[in-house]
1. Most mobile of 42, 140, 238 per a Gaussian network model of the chain (Cα springs, under 10 Å)?
2. Regarding segment 133-177, what whole-number volume in Å³ per residue does the convex hull of its Cα atoms give?
3. Taking springs between alpha-carbon atoms closer than 10 angstrom, which of 245, 151, 120 fluctuates most in the Gaussian network model of the chain?
4. Let me know the Rg and Dmax you get for segment 174-270 when you use only its Cα atoms, in Å.
5. What net charge do the residues around residue 184 carry, taking every other residue with its C-beta under 12 Å from that of residue 184, with Lys and Arg at +1 and Asp and Glu at -1?
6. Viscosity 0.692 mPa s, temperature 37 °C: what is the translational diffusion coefficient of segment 33-74 from Stokes-Einstein with a Kirkwood Rh over Cα pairs, rounded to a whole number of µm²/s?
7. Please report, in cubic angstrom per residue, the volume enclosed by the convex hull of the alpha-carbon atoms of the chain.
8. For segment 7-168, report the translational diffusion coefficient in µm²/s to the nearest whole number, using Stokes-Einstein at 10 °C, 1.306 mPa s, and a Kirkwood Rh over Cα pairs.
Amino acid sequence: MSKQKKIVFVGGGNMAKAIIYGLINNGYSQSNILVVDTSNDQLDIISNNYAVNVSTSMCKFNGDEIIILATKPHQIEAICETLKGSLSQQLIISIAAGLSISNISKWLNDYKYIVRTMPNLVAKIQRSMTALYCKDTLVQGYKNDAEDIFNTIGKVLWLNDESKIDAVTSISGSGPAYIFYFLDSLIEAGEKVGLDREEAELLAHETLLGSAIMSESYLDDLGTLVSNVSSKGGTTEQAINVLKNKNFKEIISQAVASAFKRAVEIGNNR
Ligand SMILES: NC(=O)c1ccc[n+]([C@@H]2O[C@H](COP(=O)([O-])OP(=O)(O)OC[C@H]3O[C@@H](n4cnc5c(N)ncnc54)[C@H](OP(=O)(O)O)[C@@H]3O)[C@@H](O)[C@H]2O)c1
């Protein structure tokens, strides 16, 4: 994407700020970024921290802008109402959870140029895993523009079926909380076997970080990685046996399944 293309954020909350930071860090011109938000306080923070343009009212469009819908999902229909008269061929990108392309398209008078995305919380540190979806008919140039934006906050994955977004929500969307919960559990367990809180935090956190990085080369064979560190009769084998006997994989599977079910329900209610 041309780094000179104008990008308009509608909503300047947490996720918008993360993307703005990513864009600026990757050489996008601050003067080409506009944030429209209803809150003056929010706009002051954005203007002071990122030196981008801010406004409480929608700008006029000329055709080649990219508009990112970054408010809470329930606010998007009303925003589409204000946008629909002034669109020609701008790319609309939605980051709103649970809103389908057909909903947004309908609210925008059967508008065609839409990409739906699902970034995650770690966008704040440019490590988001962002899933993207668009209709087959969207031309490649628009897809490239969307991909370029989300590459500035991490990695991207294009989906071939919009219904997979609910599965994405249950893995990478909610996933950071699962990992934080696991880390918290490991720290507490460390304290129970005699470590100070700070010692347990350092050991557990560094172990999680190092293991996450190391696992990248073994993703298709994590079983081997587990057995490589579980020598017969050793300590790791004992712990893994407890996890297996308590059906750890099944617990994770049930947690993901219930997040997935909830994502489907939320999507159906919108
Ligand atoms: N946070 C995440 O980890 C995450 C992950 C994936 C997807 N998402 C999606 O990202 C979207 C934004 O989430 P967020 O956490 O960044 O939300 P947020 O922090 O609440 O930001 C939304 C901002 O939009 C403003 N706003 C409300 N109505 C508006 C309007 N009509 N025009 C312009 N601005 C308006 C809000 O102002 P007020 O506060 O004054 O209402 C607020 O500043 C959501 O749809 C969410 O589903 C978030």
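No value in this document is a laboratory result; all are computed from the given coordinates. Note that the coordinates shown come from a computational prediction; the quantities given were computed from them, not determined experimentally. We place every Cβ from the backbone using ideal geometry, glycine too, and count neighbours over all the protein chains shown.
1. The residue that fluctuates most here is 238.
2. Numbers: hull volume 2.8 nm³, N = 45.
With only Cα atoms used, segment 133-177 gives 63 Å³ per residue.
3. The residue that fluctuates most here is 245.
4. 16.3, 54
5. On the way: positive: 197; negative: 188, 191, 201.
Result for the neighbourhood of residue 184: -2.
6. Numbers: Rh = 11.3 Å.
Here the translational diffusion coefficient equals 291 µm²/s.
7. Values: hull volume 41.7 nm³, N = 270.
So the per-residue Cα hull volume is 154 Å³.
8. The diffusion coefficient I find is 101 µm²/s.
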